[in-house]
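Below is one structure, written out as structure tokens, with a few remarks after it.
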Amino acid sequence: MRKPIKAVLVGAAATALLAPGSINAFAHEDHGRGHQDQRATTLGALGKRAGVRIGTAVDMAALADDPPYRAKAATEFSSVTAENVMKWEVVEPSRGKYDWKAADELVDFARANGQLVRGHTLLWHNQLPAWLTSGDFTPGELRDILRKHITDEARHFKGRIWQWDVVNEAFNEDGTLRDSIWLRALGPGYIADAFRWAHKADPKAKLYINDYNIEGVNAKSTALYDLVADLREQGVPVHGVGIQGHLSVQYNAPHDIAENMKRFDDLGLETAITEADVRIPMPSDSTKQEAQAEGYDVLLRGCLLTPRCTDFTVWGFTDKYSWVPDTFEGEGAANIFDEEYRAKPAYSALREDLMLAAGVKGRR
Ligand code: XIL
């Protein structure tokens, strides 16, 4: 079903959203509202008016130890994703011994703050427990282990997860399936099985396939499109496509993202930007921060222009705790707030896009 706001955006305001100048023009209109209370103009609050949830990945150590981090996580966003604590290595560190503590804490935090939860992730090739990767299992045993994992985890959180990233990063860049422990042992059918098992365990959760470098139209996003079209045809319960959105200012922003997302939308699938961040080759400066703002802007506009795009999640909100410096040599400062929680141009860009979208809704 189309949300009215999205219908309006796609019709009348698509050109406005795509024309850089108009966003700024709208931002000027907002100056008179400076006295509104802080909470009413958070990304989450603006997102609600525009018909999308705005989320963040949450680092549980920071949430426990850093009060400003906790305050921002609680107030700025309307959904949260577990950055690590729902991954297999965390929830089942030794075989058969579950540890849901940190993940349960996040779910409780979200409930206390009126936020929805994206579950991340049931099936991946990374962050698997050592007992699994170094075990000598037959294909039949691995299938049973995977089914039990998906069933137990989805059942543990039943009714408390809005969207599950059921399958994460299954594709190579050329569109072939990634050579993983799952593909090798179970063949390509593991993907359909994972969705069926998750759906059985938590029938109300929206089930997503999630990947990176699928923002634009390319071999990888096209292969994913073909797969989900096929799964839908077979009646497999896949409901959404998660576009991670890990960008770098070194590369062109994916300006064809709306065109790409439309294909999935036309299949009747939900879409979401699930892990947005835009890396900067260090040291950062104001020119690079402007380019970064453009990256965030392109991702959010893709979502706002897509009727069934439900949410836009940033992969952490402060440069203080980003995964980027540990993973991409020489790059960092990928988030919308700096290490002191000062808003960067990217934060303003997101707010302005949301204000335009919300304003369009208001004018209807
Ligand atoms: C990353 C976390 O941010 C890091 O803390 C962790 O060490 C490794 O994983 N794609 C995903 C996420 O789907 O789960 C990854 O998160 C980032 C890339």
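A few notes on this one:
- The simple Förster model, with R0 at 41 Å and r as the Cβ-Cβ distance, assigns Thr222 and Thr133 a FRET efficiency of 0.85.
- Just the protein heavy atoms count here, and of the accessible area of the stretch 232-284 at 1.4 Å, carbon and sulfur take up 47 percent.
- Each label was represented as a point 7 Å from its Cα along the Cα-to-Cβ direction; for His125 and Asp152 these points are 2.5 nm apart.
- In Hz, Karplus ³J(HN,Hα) per residue of the stretch 325-331 (6.51, -1.76, 1.60; θ = phi - 60°; x = Gly, Pro): x, 7, 10, 10, 4, x, 10
- Highest-MSF residue in the chain out of Leu177, Leu207, Leu267 [GNM, Cα springs under 10 Å]: Leu267
- In nm, spacing of pseudo-spin labels at Thr287 and Gln234 (7 Å Cα→C-beta vector): 5.1
- Label-reachable residues, the stretch 68-103, where backbone N falls under 17 Å from a point 7 Å from Glu141's Cα toward its Cβ: 94-97
- Restraint check, Lys206/Lys288; Lys72/Lys320; Lys87/Lys204; Lys101/Lys344; Lys148/Lys204; Lys220/Lys320, Cα-Cα greater than 25 Å: Lys206/Lys288; Lys101/Lys344; Lys220/Lys320
- Zone residues, the stretch 139-157, relative to Asp104, backbone N less than 20 Å from point 7 Å out along Cα-to-Cβ: 149-157
- Long-range HN-HN contacts of Ser79 with modeled amide H, under 5 Å: Ile54, Gly55, Thr56, Leu116
- Given their separation in residues at 0.36 nm each and the Cα-Cα distance between them, Asn172 and Phe328 gain 54.3 nm when the chain is fully extended.
- For the stretch 160-171, Karplus couplings with θ = phi - 60° (6.51, -1.76, 1.60), whole Hz, Gly/Pro x: 10, 10, 6, 9, 9, 7, 6, 10, 10, 6, 7, 10
- Extension gain, Arg184 back to Gln250 (0.36 nm per residue minus Cα-Cα distance, nm): 20.3 nm
- Computed over protein heavy atoms with a 1.4 Å probe, the accessible surface of the stretch 5-361 works out to 40 Å² per residue.
The values are calculated or read from the model by the stated rules, or taken from the named source; none is laboratory data. No experiment lies behind these values; they were computed from the predicted model shown. Every residue, glycine as well, gets a Cβ built from its backbone with ideal geometry; the counts of neighbours run over all protein chains shown. Note: areas computed on protein heavy atoms with side chains; ligands, DNA, RNA excluded. Shrake-Rupley method; radii C 1.70, N 1.55, O 1.52, S 1.80 Å.
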